Number of protein chains: 2
Amino acid sequence: MTSPHSSAPHPFGLHRSLEPPGVLPQIARRLDATPRALANEIAVSVRALSIDSASFRQLREAETATGESVRDQIARIVRERGKMQNPVTGSGGMLLGEVAQVGPEHPAAGGLKPGTPIATLVSLTLTPLRLDAIGAVHAATERVEATGTAILFARTLFARLPDDLPEDVALAAFDVAGAPAAVLRDAKPGDTVLIIGTGKAGLLCLAAARERVGELGRVLAVEPGAAAAERASRLGLADAIFTLDARDPVAMLDAIEAATNGRLADLVVNVANASGTESASVLCARDDGAVLFFGMATSFSAAALGAEGLAKPTRLAIGNGFVPGHDRTALDLLRRHAPVARAFAELSGRAGG
Amino acid sequence: MTSPHSSAPHPFGLHRSLEPPGVLPQIARRLDATPRALANEIAVSVRALSIDSASFRQLREAETATGESVRDQIARIVRERGKMQNPVTGSGGMLLGEVAQVGPEHPAAGGLKPGTPIATLVSLTLTPLRLDAIGAVHAATERVEATGTAILFARTLFARLPDDLPEDVALAAFDVAGAPAAVLRDAKPGDTVLIIGTGKAGLLCLAAARERVGELGRVLAVEPGAAAAERASRLGLADAIFTLDARDPVAMLDAIEAATNGRLADLVVNVANASGTESASVLCARDDGAVLFFGMATSFSAAALGAEGLAKPTRLAIGNGFVPGHDRTALDLLRRHAPVARAFAELSGRAGG
C-alpha cells in the first residue's frame, strides 16, 4: 500500500499516500512523487504552477516575515510533502505542462500522445509533484515557472489546452466549466432560467441557457454591479438583466415575479461570489423548479433551512464542478459566442485559482 | 407594508416585519404579533414552546450569570421581538397548540377546524408570537408551557398532531420528515440505497428505502456506533449494516465496493451528525447516481470540491426539509413499521429542536 510499485495502483491514487499510508491523497501529509507513471497513471512534464490565491498571499506574507523567498518556500514544501499544498492555508492551485508518459492502463491510453499540452483541473493538493527547478515568480498572475514531473491518477481530471484560444482564457473557462455544463444538462426548451451573478461563470451560463431554452424560453440575470450588468447586457443573450443585490430576497422576488408574471424560474443558477444569496435563490425558483448552487460562498444550512422556512419544495443542488466533457463544452461555448469570448478575455487577465 | 392591517398580506409574512419593515420575518428584529388572523393567516392558541437546544442552553447560562430566570428571559424576548428568537444564538424552536382562527383566504381554509391540535414545522424565529402567561419550564425536554397566540402565514408549515402516536414520537418524526420523503421520491425499484447514519432520520430512511427498492433492490447502512448499528440491524429492513465511521472514505469505499460487487450505490442518503463525511458519501455513489445530504454538518465546499477532486459526476443534492406531505408520510411510515416506531419512541424522549 505504501509503495507506488506495489501491484494495482488505485484510480484515486491511494497507493501514493505515504503519511498516513493509503488515505486519499488530498488528506495525506506526504505523497510519493516518484516521477514515473505506473500502469494507470500519467506523468506530466511541468511547465508552470498556478498557485491558489489564498496560498500565494500567505507565501508572500511569510516571505516578508521570515525572509524565505516564495520560490524557496515552494521548493521546500514540494520537497517535504511531495505536492504543493500550503501547510497554512491547506490550498494548492493547478499546473500546466505536457504529457510525458501515459501508462498502458490509463483510461486515456491510446488517444493521448506525449507532448500534448494540458492543464490539471483538480487541485495541486492531491497531485504528486517533484520539482527540478523553479523559475520566475509572477506575483500579478500568481503563476510560477517551474520544471519537474507531476503524476495524474486514473481519475485525475485534466484538460488539453486548445491552440485557438489564449491560454488565460482557456484556464479561466476550465475553472468555471462545471456551471455551464450543468445548465446545458438541466435546462429545457421553453424554460425560464435565472442566472445570479454575471462573472465569468455567469457569462458562460448565459450562453448555455440561451442555447438550451431557445426562443420560447427566457433567460434572466441579476448582478449587483452596474458596469458588470451593462457588460452582460451587451452580449444580447439575456431577455433581461437586473442590477440587483441577491442578498435582498424581497427585492429579488419582486423583480422576478414581475418579469415572469408570477411564474418564477424553472432553473436558478447561483454563481454569485457573495454569501447570503440563498434565500433569494430559493424564492425566485418555482416550487417544482430547481436551484443549482455553484457559488463557493453558499451556506449548506442557509439553503436547506431557508427552503424549509419558506415551505418551498424546490430541488436544491450542490453544483458539482465535474460534468463529463465540461472542459470542451466550455471552450465550445466560447467558440460559438464570440462576444462572450471577448468579455472573457477582458476578465481573464488572471487565471482562476 | 408595516401594518398587518394593510391590504394583501404576504404569503411569506413580509407584512408582519416591523424592524426593518418588509423583510423576511426570519431576518426582522421585531415582528407585529397582533393576535388576530388576517385573511390568509391562521391564529394558533399556544400550549407549549419547544425551545431549540442551542437557545435553551444559552438561556440557562444567562440565568446563572444574571439571575434573570429562563421564564423571564423568554417573556422579555417575546415581548420585545414579537417572536421567540434568542438574540445571542439566533435560533428559535417550534410550538404546539390548537388552531384558533383560520383566515378565509388561507390555503387550509375549509379543511382545517378550530380546535385541531397542531405543531409548527418551521422555526419560531419567523413566527409572530404573543404570550399571555408562561408556565412550567422543563429543562430535560427543553419544553416550556405557555399560553398565548401565534400567527401562521399562508406558507408557514405546520402539521396536525396525530391521536394514535405519542406526541414526542410525532414531533421527532416531523423533525426529520424531509429525508424519508425524499427517499420515497427518489429511490426506484431495484436500486441500491446506502444510508449513512442510523439515528431517527436514518431509521425512517431505512423503512422508506426498503419499501421503495423492493426485494430486487438493496438497502445498506453504515453507523459508527456498535449499539446503534445493532439496533438498526434488528429492524430487519437493511440487507447489511456496517459498523463504520463515514469520516474514513477509504474504509467506506472498500466496504461498499465489496457489498455491491463494485457497482456502488444508486442513491446515498447522508443523515450523519458528524462533519467530514462528504468524501465517503460521494465515493460510495455511482457516477450516474445521486447523494442526498441531509446532515446539517455538511460542508458545501467539501461536497462540491470533493466530487470534483475525485472526478465523480454524481449529482449532489442539498436535502430540503420540506417535501409536500412529508409530515403524514413520516407518520405513515411509523404506522406501517411498528419496530421502527418502537425504536423511535426509545430515541424520542426529547423532541428535536
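The values are calculated or read from the model by the stated rules, or taken from the named source; none is laboratory data. What you see is a predicted model, and the numbers here were worked out from it, not measured in a lab. A quick note on method: Cβ atoms are made from the backbone with ideal geometry, for glycine too, and the neighbour counts reach across all protein chains shown. These accessible areas exclude ligands, DNA and RNA; they are computed on the full protein's heavy atoms, side chains included. Shrake-Rupley method; radii C 1.70, N 1.55, O 1.52, S 1.80 Å.
Taking other residues whose beta carbon is less than 13 angstrom from the beta carbon of A:Asp266, and scoring Lys, Arg as +1 and Asp, Glu as -1, yields +2. Classify region B:151-283 as rounded, prolate or oblate, taking a ≥ b ≥ c as the square roots of the eigenvalues of its Cα gyration tensor: rounded when a/c is under 1.5, otherwise prolate if a/b is larger than b/c and oblate if not. Since a/c reaches 1.5 and a/b is larger than b/c, the shape of region B:151-283 is classed as prolate. What does the copy distance list look like for A:Thr89, label position 7 Å along Cα→Cβ, in nm and ordered from shortest? Here A:Thr89 shows inter-copy label distances of 3.6 nm.
Rounded to the nearest 10 degrees, what's the angle between the helix B:249-259 long axis and the longest principal axis of chain B, both from Cα atoms, 0 to 90? Computed tilt is about 60 degrees. Which is the longest part of chain B that has none of the GluC sites (Glu not before Pro) sitting in a DSSP loop with at most 15 other Cβ atoms within 10 Å? Within chain B, the longest run free of exposed GluC sites (Glu not before Pro) spans B:216-353. Accessible area buried by the pairing of B and A, both sides summed with a 1.4 Å probe, works out to roughly 3900 Å².
The mean number of partner chain beta-carbon atoms within 10 angstrom of a residue's beta-carbon across peptide A:148-155 is 1.
Residues considered: A:Ser69, A:Ser55, A:Ser301. Largest GNM mean-square fluctuation over chain A, using C-alpha springs under 10 Å, is found at A:Ser301. Protection proxy ranking, highest mean first, for peptides B:129-139, B:87-97: B:87-97, B:129-139, where packing is the per-residue count of other beta-carbon atoms within 10 Å, averaged. Among beta bridges identified by DSSP and lying wholly in the protein assembly as shown, the antiparallel ones come to about 60 percent.
Measuring nothing but how far apart in sequence close Cα pairs (under 8 Å, 6+ apart) lie, relative to its length, region B:109-153 scores a relative contact order of 34 percent. Compared with the dominant principal axis of the Cα atoms in chain B, helix B:326-336 is inclined by about 60°. For chain A, the relative contact order comes to 15 percent (Cα pairs under 8 Å, sequence separation of at least 6). Distance between the C-alpha centres of region A:171-210 and region B:107-133: 41 Å, rounded to the whole angstrom. Take B:Arg335 and A:Thr243, extend 7 Å from each Cα along the Cα→Cβ direction, and tell me the distance between the two endpoints in nm. Rounded to a tenth, the inter-label distance reads 5.7 nm. With label points set 7 Å from Cα along Cα→Cβ, the inter-copy distances at A:Ala54 are 2.1 nm, sorted shortest first. Evaluating kT/(6 pi eta Rh) at 20 °C and 1.002 mPa s, with the Kirkwood radius of the protein assembly as shown over Cα pairs in the Stokes-Einstein relation, gives 79 µm² s⁻¹. Chain A versus the axis that turns it onto chain B: the residue with the nearest Cβ and the distance in whole Å amount to A:Phe300, 2. Here the spin labels are modelled as points 7 Å beyond Cα on the Cα-Cβ line, and at A:Arg36 and B:Asp288 they lie 3.9 nm apart. Positive contributions from Lys and Arg (+1) and negative ones from Asp and Glu (-1), summed over other residues with Cβ under 11 Å from the Cβ of A:Pro224, come out at -2.
With the simple model of a label 7 Å out from the Cα in the direction of the Cβ, B:Met296 to A:Ala109 spans 5.0 nm. Note on the protein assembly as shown: lysine pairs with Cα distance below 25 Å, sequence gap of 8 or more or different chains, count 15. For region B:1-118, with all protein chains in place and a probe radius of 1.4 Å, 52% of the accessible heavy-atom surface sits on carbon or sulfur.
Round to the nearest 10 and give me the degree value, 0 to 90, for the angle of helix B:300-309's Cα axis relative to the longest principal axis of chain B. So the inclination is approximately 20 degrees. Just to verify a number: FRET efficiency for B:Ser233 and A:Arg57, C-beta to C-beta distance, R0 = 51 Å, to 0.05? Computed FRET efficiency for B:Ser233 and A:Arg57 comes out at 0.50. Solvent exposure of region B:169-220, expressed per residue, is 26 Å² of accessible area, with all protein chains present and a 1.4 angstrom probe.
Charge tally for B:Gly92 (other residues, Cβ to Cβ under 13 Å; Lys, Arg +1; Asp, Glu -1): -1. Label points for A:Ala139 are taken 7 Å from Cα along Cα→Cβ. From this copy to the others they lie 5.8 nm apart, shortest first.
Centroid-to-centroid, using Cα positions, region B:1-80 and region A:235-278 are 29 Å apart.
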